[in-house]
Structure formats: C-alpha cells, structure tokens
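For reference, the structure discussed in these notes is given below.
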Amino acid sequence: MRTVKKVDIRAKNISLTNHLQKHIHQRLGFVRLTEEDQVRHVLVSLSERKDQYGRPGMCCQIKVLLARRTDMVIEDVEADIYTAVDRAVDRLGRRLRRILVTHRRA
C-alpha cells in the first residue's frame, strides 16, 4: 500500500483525529495517486453540510490539481464522515482512471 505525500487535509467543525487522517491517506493510497506524475496536489476538505434533502451530514470534498489538465473536484455528503471519505475516494479513483486511460489512448 502506498501513501500519498502531496495531500493537505483540512477540517471545519469536524474533529480531525489521527485515525481519520490515517484513513484518508490509506484510502488515497489505493487510488495510486503517487504513481501518476500528472497529479500535482490533493486537497481534502471535511465539513458539516446538509445533504440534497436538507438533512445534516458530513461532507468530504477532494480537489485534485492535475498537470496540464483542468482540476478535478469530487464531493460526497453522508451521515458518517468515514463513509463520505470512502465514497468520494472511490469516485475519484474511477474518474482519474477514465482520464488517464483516455490520455494514454490519445
């Protein structure tokens, strides 16, 4: 498993514990961001926010700064912050794979 070194994690109104930080780094490590020279920086923002139905929830927003490409922003709101992180990272991995496969074919 790889750890991502170019990651900033920010939390607003959420306790950013060591366990949560480790969880985020581990999940991002599975996306293989470290192997891609196209990824310049990753910013993970955690906050409290209402979901699409107006219910309170925990938001995980991941912004990925890519070299020679438009930046990507992935966001997920769930009742549990760990679930929000997991879902946002999964979506990030799928979108990043699509971009890189398209780039390799071009």
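Residues in region 56-80 that are of a type in the set (A, V, I, L, M, F, W, C), closer than 25 Å to Arg98 by Cα and crowded, with 18+ Cβ neighbours inside 10 Å: Cys59, Cys60, Ile62, Val64, Ile74, Val77. Could you grab me the full set of residues in region 46-85 that are assigned to a strand (DSSP E or B), touching a Gly at 6+ places or on another chain (Cβ under 9 Å) and more than 21 Å from Gln21 (Cβ to Cβ)? Hit for region 46-85 is Lys50, nothing else. Of everything in region 18-43 that is within 16 Å of Cys60 (Cβ to Cβ) and part of a strand (DSSP E or B), the residue that is modelled with the lowest pLDDT is Val42. Restricted to region 44-55, and to residues that are modelled with pLDDT under 90 and more than 13 Å from Asp76 (Cβ to Cβ), which residue is surrounded by the most Cβ atoms within 10 Å (Cβ to Cβ)? So, considering only residues that are modelled with pLDDT under 90 and more than 13 Å from Asp76 (Cβ to Cβ), the one surrounded by the most Cβ atoms within 10 Å (Cβ to Cβ) is Lys50.
The values are calculated or read from the model by the stated rules, or taken from the named source; none is laboratory data. Just so we're clear, the structure is a prediction, and the values are computed from it rather than from any experiment. Glycine gets a Cβ as well: all are built from the backbone with ideal geometry, and neighbour counts include every protein chain shown.
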